[in-house]
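Asks: Let me give you the structure first, and then I'll get to my questions.
Every read-out reported here was derived from the displayed coordinates using simple, explicitly stated rules and does not represent laboratory data. Keep in mind that this is a model prediction, so the values were computed, not measured. Here the Cβ positions follow ideal geometry from the backbone for every residue, glycine too, while neighbour counts run over all protein chains shown.
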Amino acid sequence: MIVFSRSPNKAKEKLAGAFNYVKWHYDSLGDWTNEIDGTDVIIHLAGENIMSKRWNEAHKKKVLESRVNGTRNLVDAIGESENKPKVFICASGIDYYDDSIDAEYDEYGKAGSGFLTEVVKSWEEEAQKAEKHGVRSVSIQNRNCAR
């Protein structure tokens, strides 16, 4: 396991035993892209903490950009790698759907509305672009995004 983190030393404390800990930032390509070549699976869970601050425009922008740009950069790095992973698993959010306690939803359900719905839609669209590189893309929904 190779762990990409904005804080590799903190990651070592929380996820001990990885093969390597690599400095990563969602907003730029860097030396970390070399670490993708030859991996079997990439699991992407990174994004600005939604509930860490007030939902002003600056925080909402960072929430969106951290997910969309981070995913885009990972997909671009996958595209540049010689030995691509077989699967790209990307976190997502249940907030894609309307907020109803009575309704049942599946992957074919209609999108809701609002900021978090737009974040999830944009995030998943970026993740799906891994498939143009011959890599299966899977979005997993996090039920604890903002609830």
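Asks: Which net charge results for the neighbourhood of ALA58, defined as the other residues with beta-carbon distances under 12 angstrom from its beta-carbon, given Lys and Arg at +1 and Asp and Glu at -1? Walk me through the numbers before you get to the answer.
Replies: Values: positive: LYS53, ARG54, LYS60, LYS61, LYS62; negative: GLU48, GLU57, GLU65.
Around ALA58, the charge tally is +2.
Asks: With θ taken as phi - 60° and the coefficients 6.51, -1.76 and 1.60, list the Karplus ³J(HN,Hα) couplings across region 19-33 in order, rounded to whole Hz; mark glycine and proline as x.
Replies: With coefficients 6.51, -1.76 and 1.60, one gets 5, 7, 10, 10, 5, 9, 9, 4, 8, 7, 7, x, 4, 4, 4 Hz.
Asks: What length, rounded to one decimal in nm, is gained on full extension from ALA16 through to MET1, with 0.36 nm per residue of separation minus their alpha-carbon distance?
Replies: Numbers: separation 15, 0.36 × 15 = 5.40 nm, distance 1.03 nm.
Gain on extension, ALA16 to MET1, equals 4.4 nm.
Asks: So, one more: Describe numerically, in nm with one decimal, the distance between label points set 7 Å from Cα along Cα→Cβ at PHE115 and at ILE140.
Replies: 2.6
Asks: Provide the three semi-axes, in whole Å and in decreasing order, of the ellipsoid equivalent to region 1-53 as defined by the square roots of 5 times the Cα gyration tensor eigenvalues.
Replies: Details: eigenvalues 72, 43, 23 Å².
One finds semi-axes of 19, 15, 11 Å for region 1-53.
Asks: Report relative contact order for region 1-69 in percent, whole number only (criteria: Cα-Cα under 8 Å, sequence separation at least 6). Can you show the working numbers first?
Replies: Details: 59 pairs, mean separation 18.3, N = 69.
Reported as a whole number, the value is 27 percent.
Asks: Something else: Could you give the length gained by full extension between GLU125 and GLU57, i.e. 0.36 nm per residue of separation minus their alpha carbon distance, to one decimal place? Present the calculation step by step, with values, prior to reporting the outcome.
Replies: Numbers: separation 68, 0.36 × 68 = 24.48 nm, distance 2.22 nm.
Computed gain between GLU125 and GLU57 is 22.3 nm.
Asks: Shifting gears a bit: Would you mind checking which residues have amide H under 5 Å from VAL22's amide H? H placed 1.01 Å from N; only 5 or more apart, or other chain.
Replies: Counting only residues 5 or more places away or on other chains, the set is VAL3, PHE4, SER5.
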